[in-house]
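Trainee: Please find one structure pasted underneath; my questions will follow.
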Amino acid sequence: MARNRHRNGYSIDHHELDLFGMQKAAKEMMKLKLFRDARPTKALGILTALTILAGLFAFRNAPVNAGFPVTVIDDLGRTVTIPNAPTRIVCVSPGVTEIVYALGLGDKVVGVDIYSDYPPEVISKRRIRDIYTPDPDEIAALNPDLVIIYSFFGPGDPNVENLERLGVPLIVTCPTSFDDVFRDILLIGNATGRRVEAGALTNTLKERVKRVRDLTCNVTKKPKVYFEIWYPPIYTVGPGSWPHHLIEIAGGINIFGNASTSWVNPVEEEVIVAKPDIIITIRGMPGYHETLETIKMRGAGWEEIPAIKNGKVYSLDESLVGRPGPRLVDGLEIMAGILHPELFNVAATWTLDLNTAELRFSTQKLTLQALVRADIEVLKAANNGSLVVSALLSGPEVPKTLKLVGKYLKIECGVPSGLVFTLKVYYSKSELNNLGVSEESLKIYYWSEERAEWLPLESIVNRDEGYVKAVVDHLTYFALMGEAQPNVLETPIPLWVVLIVVGVLSLICVVIYIAARKH
């Protein structure tokens with residue numbers, strides 16, 4: 001057992017340095033010359049420090065298994081006991097993986113399914129190849145102490161019996177609504193000793209969903225939505241699917257909402273006759289890359305669909321609209337902004353299909369024309385996905401020392417890993433004059449959620465063409481801002497100018513006085 005000896009002969013055993021050890025240490029140190037010669041205030045200060053330090057050591061040395069064993073009931077009604085705080089977790093579901101990481105347990109994850117790609121650091125984890133029928137041997141090789149899966153089959157799922165044979169605590173999730181997702185977050189938080197974090201996350205997500213419900217519950221005009229997940233042949237969504245659930249909460253009508261199955265295979269004529277106001281295509285499905293342009297080329301009837309005629313075709317990442325995890329709320333908010341921009345301070349929404357094959361040899365561009373004039377040029381992306389850009393009428397409060405030029409932009413992406421783009425925001429000199437903003441002070445700012453403030457990007461001002469440009473590698477709110485030009489009457493006058501003016505005026509007065517004397 002290691003011991004350190006104080007230079008005055010006091011011996012400290014670090015393995016026994018707990019609260020009681022600290023109290024004993026204090027008594028021993030009182031006998032030392034260090035304390036005998038010290039002033040009372042100094043001695044009191046050292047004792048106070050020891051007391052605080054004792055508390056810190058007591059906290060640090062608290063048992064890692066405090067609160068365990070824990071018994072929970074999963075989504076299939078199974079009673080599961082976790083004997084110790086999990087340190088080797090296997091997640092067999094992208095939604096489960098995102099929940100576990102959102103609770104701050106990323107360092108405890110030793111394996112995930114092949115579809116888990118968020119957050120970016122999950123890419124380095126060992127993979128379970130089959131998400132539908134996970135191989136018990138693959139999981140056992142990772143030596144887990146907790147396995148969490150998603151059941152595609154519900155009660156009677158044969159995977160459950162196969163994995164139970166491992167003798168490792170197994171939690172099965174099977175959510176079908178936002179309330180189920182929230183319960184699963186609390187379930188996983190309880191099973192892993194992260195109850196506080198799970199409660200805080202759930203409360204935040206509930207508030208965001210409630211806000212969307214409150215704003216859309218009384219809408220009288222609901223747009224008809226066609227949500228396409230494959231073509232050809234056509235596959236879309238019906239009741240019981242996550243996209244259908246999001247469309248309803250966001251204040252829309254799924255044109256196949258009366259289907260008898262969750263996944264629908266209609267003929268093209270059914271879509272054309274339904275005349276959807278909005279078409280949403282999905283990203284993240286290998287082999288599927290439909291856009292407004294490709295849909296127009298499908299043949300007679302498609303070009304007459306209102307969504308096609310009005311350019312209301314958007315693409316959303318599968319990870320935001322099909323994974324029962326925290327980011328499902330992000331997908332809901334984006335969809336609500338598309339369906340009812342007037343309710344969510346959204347002036348316009350654009351989407352850009354990220355194509356990594358194209359980005360290997362060139363860039364991808366998106367031009368914005370409504371409310372904010374801007375160009376986005378994507379330079380890099382690690383995954384195919386959808387870049388969602390919204391022009392907003394309001395955003396986080398601008399600092400008092402700055403003025404907003406134009407409006408806000410919010411840029412989002414379901415798979416942001418490795419994403420780098422340039423953002424070019426245009427301005428007019430007349431707008432700057434009206435605002436009283438100096439052109440040389442213009443910068444693109446981004447909103448830092450962590451610091452809750454606007455921070456400047458390294459920006460280049462092109463005065464000839466009237467734009468500000470910056471390179472961006474993260475997603476958040478963006479805005480063009482500049483410093484206000486000081487009012488002439490409020491501008492402080494340099495002392496040397498004052499002295500010269502006073503001197504000139506004095507000289508003039510002297511000259512006038514002398515001239516008057518002569519007369």
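The values are calculated or read from the model by the stated rules, or taken from the named source; none is laboratory data. Source: prediction; values computed, not measured. Glycine also receives a Cβ, built like all others from the backbone with ideal geometry; neighbour counts cover every protein chain displayed.
Trainee: Out of all the residues in segment 95-110, which are outside any helix (DSSP H, G or I) and touching a strand residue (DSSP E or B) at 6+ places or on another chain (Cβ under 8 Å)?
Mentor: If the condition is that a residue be outside any helix (DSSP H, G or I) and touching a strand residue (DSSP E or B) at 6+ places or on another chain (Cβ under 8 Å), then 105, 109, 110 are the ones that fit.
Trainee: Hey, another quick one. Within segment 104-133, how many residues are in contact (Cβ under 8 Å) with a residue 40 or more places away in the chain and within 28 Å of residue 161 (Cβ to Cβ)?
Mentor: Count: 2.
Trainee: Now, a different point. Residue 395 - would you say it is more than 30 Å from residue 358 (Cα to Cα), assigned to a loop (DSSP other than H, G, I, E, B), touching a residue at least 24 places away in the same chain (Cβ under 8 Å) and within 21 Å of the chain's Cα centre (by Cα)? Steps first, please.
Mentor: Values: more than 30 Å from residue 358 (Cα to Cα): yes; assigned to a loop (DSSP other than H, G, I, E, B): yes; touching a residue at least 24 places away in the same chain (Cβ under 8 Å): yes; within 21 Å of the chain's Cα centre (by Cα): yes.
So residue 395 passes the test.
Trainee: Could you please find all residues in segment 262-278 being touching a Ser or Thr at 6+ places or on another chain (Cβ under 9 Å) and outside any strand (DSSP E or B)? It would help to see each step written out before you state the result.
Mentor: Step one: filter segment 262-278 for residues touching a Ser or Thr at 6+ places or on another chain (Cβ under 9 Å), giving 262-266, 271.
Those that are touching a Ser or Thr at 6+ places or on another chain (Cβ under 9 Å) and outside any strand (DSSP E or B): 262, 265, 266, 271.
Trainee: Anything in segment 219-253 that is within 16 Å of residue 332 (Cα to Cα), of a type in the set (D, E, K, R) and either touching a helix residue (DSSP H, G or I) at 6+ places or on another chain (Cβ under 6 Å) or part of a loop (DSSP other than H, G, I, E, B) (or both)? List them, or say none.
Mentor: The answer is 222, and nothing else.
Trainee: All but one of (1) surrounded by 15 or more Cβ atoms within 10 Å (Cβ to Cβ); (2) touching a residue at least 12 places away in the same chain (Cβ under 8 Å); (3) closer than 19 Å to residue 80 by Cβ; (4) not small (Gly, Ala, Ser) hold for residue 164, so report the exception by its number.
Mentor: Exception for residue 164: condition (2).
Trainee: Of a type in the set (Ser, Thr, Tyr) and surrounded by fewer than 17 Cβ atoms within 10 Å (Cβ to Cβ): does that describe residue 177? Give the derivation first.
Mentor: On the way: of a type in the set (Ser, Thr, Tyr): yes; surrounded by fewer than 17 Cβ atoms within 10 Å (Cβ to Cβ): yes.
In short, yes.
Trainee: Check 212, 237, 264 and return the single one that is modelled with pLDDT of 95 or more and touching a Pro at 6+ places or on another chain (Cβ under 6 Å).
Mentor: Working: 212 fails: touching a Pro at 6+ places or on another chain (Cβ under 6 Å); 264 fails: touching a Pro at 6+ places or on another chain (Cβ under 6 Å).
After applying the criteria, what remains is 237.
Trainee: Out of the residues in segment 339-355 that are in contact with a strand residue (DSSP E or B) (Cβ under 9 Å, 6 or more places away or on another chain) and without any contact (Cβ under 8 Å) to a residue 60 or more places away in the chain, which is surrounded by the most Cβ atoms within 10 Å (Cβ to Cβ)?
Mentor: Pass one, segment 339-355, residues in contact with a strand residue (DSSP E or B) (Cβ under 9 Å, 6 or more places away or on another chain): 339-341, 344-355.
Those still in the list that are without any contact (Cβ under 8 Å) to a residue 60 or more places away in the chain too: 341, 345-346, 348-352.
Values: 341: 17, 345: 16, 346: 22, 348: 16, 349: 21, 350: 19, 351: 25, 352: 20.
Among residues in segment 339-355 that are in contact with a strand residue (DSSP E or B) (Cβ under 9 Å, 6 or more places away or on another chain) and without any contact (Cβ under 8 Å) to a residue 60 or more places away in the chain, the one surrounded by the most Cβ atoms within 10 Å (Cβ to Cβ) is 351.
Trainee: Could you say whether any residue in segment 409-424 is surrounded by fewer than 19 Cβ atoms within 10 Å (Cβ to Cβ), under 17 Å from the mean Cα position of the chain (by Cα) and under 30 Å from residue 187 (Cα atoms)? Please lay out each step first, then the result.
Mentor: The initial filter retains those residues of segment 409-424 that are surrounded by fewer than 19 Cβ atoms within 10 Å (Cβ to Cβ), namely 417-418, 420, 422.
Keeping just the survivors that are under 17 Å from the mean Cα position of the chain (by Cα) gives 417-418, 420.
Cutting the leftovers down to under 30 Å from residue 187 (Cα atoms) gives us 417.
Yes: one or more hits.
Trainee: Select from segment 390-408 the residues that are surrounded by 16 or more Cβ atoms within 10 Å (Cβ to Cβ) and hydrophobic (A, V, I, L, M, F, W, C) and list them in ascending order.
Mentor: 391, 392, 402, 404, 405, listed by residue number.
Trainee: Right, here's the next one. How many residues are of a type in the set (Asp, Glu) and closer than 22 Å to residue 219 by Cα when one looks only at segment 313-349?
Mentor: Going residue by residue through segment 313-349, those that are of a type in the set (Asp, Glu) are 317-318, 330, 333, 342.
Still in the list and also closer than 22 Å to residue 219 by Cα: 330, 333, 342.
Matching residues across segment 313-349 total 3.
Trainee: Which of the residues spanning segment 376-392 are among the small types (Gly, Ala, Ser) and part of a strand (DSSP E or B)? Before the answer, list the steps.
Mentor: Let us first name the residues in segment 376-392 that are among the small types (Gly, Ala, Ser), namely 381-382, 385-386, 390-391.
If the condition is that a residue be among the small types (Gly, Ala, Ser) and part of a strand (DSSP E or B), then 385, 386, 390, 391 are the ones that fit.
Trainee: Do we find a residue being buried (at least 16 other Cβ atoms within 10 Å of the Cβ), outside any loop (DSSP other than H, G, I, E, B), aromatic (Phe, Trp, Tyr) and in contact with a strand residue (DSSP E or B) (Cβ under 6 Å, 6 or more places away or on another chain) anywhere in segment 150-157?
Mentor: We begin by selecting, within segment 150-157, every residue buried (at least 16 other Cβ atoms within 10 Å of the Cβ); these are 150-151, 157.
Restricting the remaining residues to those that are outside any loop (DSSP other than H, G, I, E, B) gives 150.
Applying the additional criterion that residues be aromatic (Phe, Trp, Tyr) yields 150.
Still in the running and in contact with a strand residue (DSSP E or B) (Cβ under 6 Å, 6 or more places away or on another chain): 150.
Yes: one or more hits.
Trainee: Pairs needed: first member in segment 217-228, under 27 Å from residue 290 (Cβ atoms); second member anywhere, of a type in the set (D, E, K, R) and surrounded by fewer than 18 Cβ atoms within 10 Å (Cβ to Cβ); C-beta distance under 8 Å; at least 6 residues apart or different chains.
Mentor: 224/275
Trainee: Got a number for residues in segment 356-401 being closer than 21 Å to residue 417 by Cα, of a type in the set (Gly, Ala, Ser) and out of contact with any strand residue (DSSP E or B) (no Cβ under 6 Å at 6 or more places or on another chain)?
Mentor: Matching residues across segment 356-401 total 3.
Trainee: Quick check on my filter: what residues within segment 111-149 are in contact with a Leu (Cβ under 8 Å, 6 or more places away or on another chain), buried (at least 17 other Cβ atoms within 10 Å of the Cβ) and assigned to a helix (DSSP H, G or I)?
Mentor: Matches in segment 111-149: 139 only.
Trainee: Which condition number in (1) touching a Leu at 6+ places or on another chain (Cβ under 8 Å); (2) at negative phi is the one that residue 154 fails?
Mentor: Status for residue 154: all satisfied but (2).
Trainee: Then there is this: Of the conditions (1) of a type outside the set (Ser, Thr, Tyr); (2) surrounded by fewer than 20 Cβ atoms within 10 Å (Cβ to Cβ); (3) closer than 24 Å to residue 285 by Cα; (4) out of contact with any Lys or Arg (no Cβ under 6 Å at 6 or more places or on another chain), residue 253 clears all except one; give me its number.
Mentor: With (1) of a type outside the set (Ser, Thr, Tyr); (2) surrounded by fewer than 20 Cβ atoms within 10 Å (Cβ to Cβ); (3) closer than 24 Å to residue 285 by Cα; (4) out of contact with any Lys or Arg (no Cβ under 6 Å at 6 or more places or on another chain) applied to residue 253, the lone miss is (4).
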